[in-house]
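*Asks:* Sharing a structure, written as structure tokens. Questions coming.
A short reminder: the numbers here are calculations on the coordinates, not readings from a lab. Bear in mind the structure is a predicted one, so any value in this text is a computation, not a measurement. Cβ placement follows ideal geometry from the backbone for every residue including glycine, while neighbour counts extend to all protein chains displayed.
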Amino acid sequence: MTGLLPILILLTSLVPAAITFFLAQESYRLRNALNLGGALMKVGLIVVMLFAVAGGASYETDIALAPGLVLLLRIDALALLFVSLSASLWLLTTIYAIAYFGKKAEQSRFFGFFSLCVFATTGIALSGSLISFFMFFELLTLSTWPLVAHKQNAASLKAARSYLSYALPCSTVLLVAIVWLESSTGPILFTDPPDLSGVDPVSLRVIFALFIIGVGMKAAIVPLHGWLPAAMVAPAPVSALLHAVAVVKAGAFGVIRVVYDVFGVDRVEELGVGVPLAALASVTIIWGSLRALQQTEIKKRLAYSTISQVSYILLGAALASPFAVVGGLAHLVHQGLMKITLFFCAGIYDERAGVRSIEGLNGLGWRMPWTSTCFSLGALGMIGLPPIAGFVSKIYLGIGGLQADAAWVLWVLGASTLLNAAYFLPLLYRLWYCEAAPDVEADETAPALVAPTVAAALAALLAGLLAASEISPLGWATLIAERDYLQ
Amino acid sequence: MTLWTGPILPMVALTWPLLLGALTALPAMRRFAVRLLPLAPLPALWLAIMGGQGVTTAPDLLLGVTLDLDEARRLLLGMTSALWAVAGLAAQPMAGKPHATMFSGFWCLVLAGNLGVFMALDVATFYVAFAAVSLASWFLIVHDRSEKALHAARVYIVIALLGEVALLLGLIIGAHAAQSMAIDEIRMAFGDKPLNTVAIALLVIGFGIKAGLVPLHVWLPLAHPAAPVPGSAVLSGAIVKAGLFGLLLFLPDGAFGLTLMILGLTGAFGAALWGLTQANPKAVLAYSTISQMGLMVMAVGAGGAARETVPYFALHHGLAKGALFLLVGVMMAARSSGQRILSLVLAAVVSASVAGFPLTGGALAKAGVKDGLTDMTTLALSLSSVATGLILLWFLSRLWDVKSSDGTGIWAFQVSLPAALALAAFVTPWLLWSDWTGHEPSYMLKWDSLIDGLWPVAIALAASAVLLRWQLPQLPPGDLLQLLGRWQPRTMTLPDLPPLRPDRRKAASVLRERATEMEGMLIRWRFTGVAVPLLVLLVFAILT
């Protein structure tokens, strides 16, 4: 049974995906039941495993795909952090998506690829070896494409093409990095760090850079971020789950794996590549915020904000001091909760009020109080206002920066806080203090859209309010760091 | 999960206002929102009267909440909750007016933050509480949404956010230096030589903004008058004390002493004199607040015994300044000349106390601080009483010019509120005098003390006779801000990064041409036959 668990978890997304592709557009009920059932089952399995892993258990399964090519699935604390985030948000997004699409066309294709993406994300999280990671990573690359192109208009197709033009070269780079490294070390498992002493430092530095390019593209590091704002033409559930959480987090998760499980903290420090990575993350944080300021479309502004915030995770991983690691890992969850809330809200504004631009938000606060309250919570959390989750990450990253003798990180955090305030507060002001245009028709009588939004916002609030408890993202991140990285 | 350990009252004192604030959001409660306000600070007031009974911890909340009271905390908590309770009563005529519900909700949030600042033992709780009191007071300032209020609120939020960031960074450096989240340990870590200059400077900026420290005070004369009267009372009486208390909590004794004393005295005199150019009585009071806060910051900088008595000074100022702001509202509501005269007399009595007239609470507060000061600063403190006397006489004359406009509610009830605060500002310093200064009450009856309090007021009276004739220019509030001119937000344009594919069509055609060329080269066996083995060798050389 225990060996089957990782496979079962994967199947909860793969089976709905496989069946959904063959369903007719009209079989709404079956399709919804399949997807919701899969998501519920997955959350259930994860709850069971959370208790087991907290008690010290870990699960491992290997499937031989070809001679010498083993698909290794493994559930450790870090994997579980990412899986439980993506699974619970998948459940929320599925509810949201069912309401969002209503009777719109091509739903089987959408939900099929959507579940496939979640399957790939789960696979990335559970991968126990570099090659398994790569396979799922590429599956994610490809299965995202139909979702970006979903609306099939010129803009969507252009954005989807742009996405591939970023993703495919970077995948190639990643493959080169893997092959180069594994040719001298043999297959790399995340459980036992590879012996890199046979490879000369210059090559190692180049390989590290290739790895960062390969996985960092998904985390939208500058200058490989251009695809993300363009991909905002996708339907709201895609922007919410994939572009705020799954895809970008897969990139960030990949960077964490590379730094901690492929190279190892000590080697990264020895090679002197940690500081350049932290600097790159900092540049991304600032650049993303500056660009967000200039956007006049809500989703675009949120996308640039994502670019900026995801690099907090990379910053934590690169600094590699105890608090920075914990802060970065916790931010993986915090940012996901807050950003999905914001994207859910952006989708509701679009669907229920026809509002996409920032000017359109004027006065919507009192017309759509639930949505707007959630939006405000998410935005304030992004700025780092307590007690919403964001401030916890900031404090931990700041202390972590000092622990790593990188006091400049504090200025990055400070500047980012102010920039976040500069691009989010005007939106809140518009929502609650400006007069609405008289002809705006806005209502939020769509419980299936609003309820997941409220749930995500509440989770973001509780993650900060109860940060010190063991079950919070921070508590779990501390557990991971203590167990795996800070012996 | 442990909800809490230790006495429950501190937890109740903090969560009760939050609960009431949340209740105001319920549609059924909207009509009663304002009615709840006087109830919000009652548990905290009870706690202050009872005193701390040990540390309360809530290990799962935030980053581990710890609360307790010592004597200074208890005094400020008592003053703050009493002022908030009275101001909550004074807010009652707002019931049913536009935006009253929103005002009530955020009133409760600011209150909870203000109380939390005085109770937090750990830096995370302190930061959360400070952020609440600092940023949520934006809603008190912007309340009536007039052009003036919006401008004040805009200036305020920019400065408050800067302060919040400075504070966060300073606290992070402190927590790292102390390897602890406990405030006491952070202060001790800061005290170790060499001083952590950057961190302390950041904290002085963060707290100084809130405490109206010159030159970070520019928001205050705009914001305090912009809020409705009860809001101004808590802003000027209680909320500024959060910044002052932050300085007391985190700065080691004597750190940045000279800087703080110079800035404090600059504020004490500069603001009092600048206030004479203001027409709006609330703006005059706001400048008086900056001036009084300057004195307290000066005492913090002086260190030693003077620093110890700052909470005692703050107690009197909070109650008295609250009373003065409420009296502006009472004057607006006065309907007969008898009522107007009574308001003015009451304001005059409280003003005399703030200026340190002998035997008043203010005289005791000043005498307490003077005890720990050197000769020079003692003289400065006495001279500042002249300035205070002047600005408050100017305030009285401006108050008399206030037109009755707001004739709702029962006037007798309204006037009883500042009267109660004035009484408290007189009685509590006497009750606590021996505990805080170690002197007998008879100390204040000595000729020295009496004359000490009397001469500045006498000089101020004489000077004001000249001043009221001699028309000073009337200037808009905000002094240094005027130098910056009206800040206009400008749209910023950044160049976008060059796209990854500069020109697809051109690139494709170039690629095609190159590919044909390459193909032509590759199909020649002479070339490939050499190149492939070389490539293999090269790969091997790299990999082995």
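*Asks:* In percent, what relative contact order does chain B have, based on Cα pairs under 8 Å that are 6 or more apart in sequence?
*Replies:* Relative contact order comes out at 12 percent.
*Asks:* Which three numbers, in whole Å and largest first, are the semi-axes of the equivalent ellipsoid of the stretch B:188-323 derived from its Cα gyration tensor as √(5λ)?
*Replies:* 26, 14, 13
*Asks:* Principal axis lengths of the stretch A:108-265 from Cα atoms, whole Å, largest first?
*Replies:* Principal-axis extents of the Cα atoms in the stretch A:108-265, largest first: 52, 28, 22 Å.
*Asks:* Convex hull volume of the Cα atoms in chain A, per residue, in Å³?
*Replies:* Per residue, the Cα convex hull of chain A comes to 128 Å³.
*Asks:* If we sort B:202-208, B:261-267 on the protection proxy, mean other Cβ atoms within 10 Å, highest first, what's the order?
*Replies:* The densest-packed peptide leads the list: B:202-208, B:261-267.
*Asks:* Moving to a separate point now. Give me the percent of Cα-Cα pairs in the stretch B:1-150 that sit more than 21 Å apart, rounded to a whole number.
*Replies:* 43 percent
*Asks:* Run lengths n ≥ 4 of DSSP H only: what is the helix-derived mean residue ellipticity at 222 nm for the protein assembly as shown, with -39500 (n - 2.57) per run over all residues, to the nearest 500?
*Replies:* When only DSSP H runs of four or more count, the value is -23500 deg cm²/dmol.
*Asks:* Further, regarding this structure: With axes computed from alpha carbons, what is the tilt in degrees of helix B:9-23 against the longest principal axis of chain B, rounded to the nearest 10 within 0 to 90?
*Replies:* 80 degrees
*Asks:* With no solvent and one point on each alpha carbon, what is the Debye value of log10 I(q)/I(0) for the stretch B:264-318 at q = 0.13, 0.14, 0.21, 0.30 Å⁻¹?
*Replies:* After summing over all Cα pairs, the log10 values are -0.33, -0.38, -0.72, -1.06.
*Asks:* Please give the average number of partner chain Cβ atoms lying within 10 Å of the Cβ of each residue in B:253-266, rounded to a whole number.
*Replies:* The mean count of partner-chain Cβ atoms within 10 Å per residue comes to 0.
*Asks:* For a protection proxy built on the mean count of beta-carbon atoms within 10 angstrom, sort B:316-324, A:57-65 highest first, please.
*Replies:* Going by the mean number of other Cβ atoms within 10 Å, highest first, we get B:316-324, A:57-65.
*Asks:* With the Cα gyration tensor of the stretch B:255-485 giving a ≥ b ≥ c as the square roots of its eigenvalues, does the rule (a/c under 1.5 for rounded; else a/b larger than b/c for prolate; else oblate) give rounded, prolate or oblate?
*Replies:* oblate
*Asks:* Now for a different question. Principal axes first, then extents: for the Cα atoms of the stretch A:295-487, list largest minus smallest coordinate on each axis, whole Å, largest first.
*Replies:* 61, 31, 21
*Asks:* Here is a follow-up. Averaged over B:394-400, how many beta carbons belonging to a partner chain fall within 10 Å of each residue's beta carbon?
*Replies:* 0
*Asks:* Let me know the Kirkwood hydrodynamic radius for chain B, please, with Cα pairs as the basis and the value in Å to one decimal.
*Replies:* One decimal place: 25.2 Å for the Kirkwood radius.
*Asks:* Can you list, bin by bin at 5 Å, the percent of alpha carbon pairs in the stretch A:263-349, starting at 0?
*Replies:* 3, 15, 20, 21, 16, 11, 7, 4, 2, 0
*Asks:* Could I ask something else about it? Other chains near B:164-170: what is the mean number of their Cβ atoms within 10 Å of each residue's Cβ?
*Replies:* 6
*Asks:* Suppose R0 equals 60 Å. What FRET efficiency, 1/(1 + (r/R0)^6) with r the Cβ-Cβ distance, do A:W366 and B:L535 give to the nearest 0.05?
*Replies:* Efficiency at R0 = 60 Å is approximately 0.30.
*Asks:* Going by amide H atoms built from the backbone, whose H comes under 5 Å of the H on A:L23, apart from near neighbours?
*Replies:* For A:L23, no residues qualify.
*Asks:* Please provide three numbers in whole Å: the alpha-carbon extents of the protein assembly as shown along the principal axes, with the largest listed first.
*Replies:* Here the spans come out as 113, 63, 58 Å, largest first.
*Asks:* How high is the relative contact order of the stretch A:295-487, in percent, counting Cα pairs under 8 Å that sit 6 or more residues apart?
*Replies:* Across the stretch A:295-487, relative contact order equals 31 percent.
*Asks:* Using packing as a proxy for protection, rank A:409-418, A:334-343 so that the peptide with the highest average count of other Cβ atoms within 10 Å comes first.
*Replies:* A:334-343, A:409-418
*Asks:* Then there is this: Provide the three semi-axes, in whole Å and in decreasing order, of the ellipsoid equivalent to the stretch B:34-103 as defined by the square roots of 5 times the Cα gyration tensor eigenvalues.
*Replies:* With the √(5λ) rule applied to the stretch B:34-103, the semi-axes are 29, 16, 8 Å.
*Asks:* Oh, and also: For a quick check: with amide H placed at 1.01 Å from N, whose amide H comes under 5 Å from A:L69's, ignoring anything fewer than 5 positions away on the same chain?
*Replies:* Excluding prolines and chain starts, which carry no amide H, there are no hits.
*Asks:* Using amide H atoms built in the peptide plane, which far-off residues or other-chain residues are under 5 Å from A:S129 H to H?
*Replies:* A:L72, A:F190
*Asks:* So, one more: Within 15 Å, Cβ to Cβ, of A:T144, how many net charges do the neighbouring residues add up to if Lys/Arg are +1 and Asp/Glu are -1?
*Replies:* +4
*Asks:* Something else: How big, in percent, is the set of alpha carbon pairs in the stretch A:380-487 lying more than 23 Å apart?
*Replies:* Percentage above 23 Å: 48.
*Asks:* Something else: Can you tell me the 0 to 90 degree angle between the C-alpha axis of helix B:411-437 and the longest principal axis of chain B, rounded to 10?
*Replies:* 90 degrees
*Asks:* Right, something else. Got a sec to turn the phi values of the stretch B:217-232 into Karplus ³J(HN,Hα) couplings, 6.51 cos²θ - 1.76 cosθ + 1.60 with θ = phi - 60°, whole Hz, x for Gly and Pro?
*Replies:* Using θ = phi - 60°, the values come out as 8, 4, 6, 5, x, 7, 7, 4, x, 6, 5, x, 3, x, x, 4 Hz.
*Asks:* Could you state the angle between the C-alpha long axis of helix B:337-354 and the longest principal axis of the C-alpha atoms of chain B, as a value from 0 to 90 degrees rounded to the nearest 10?
*Replies:* Orientation of helix B:337-354: about 70 degrees from the principal axis.
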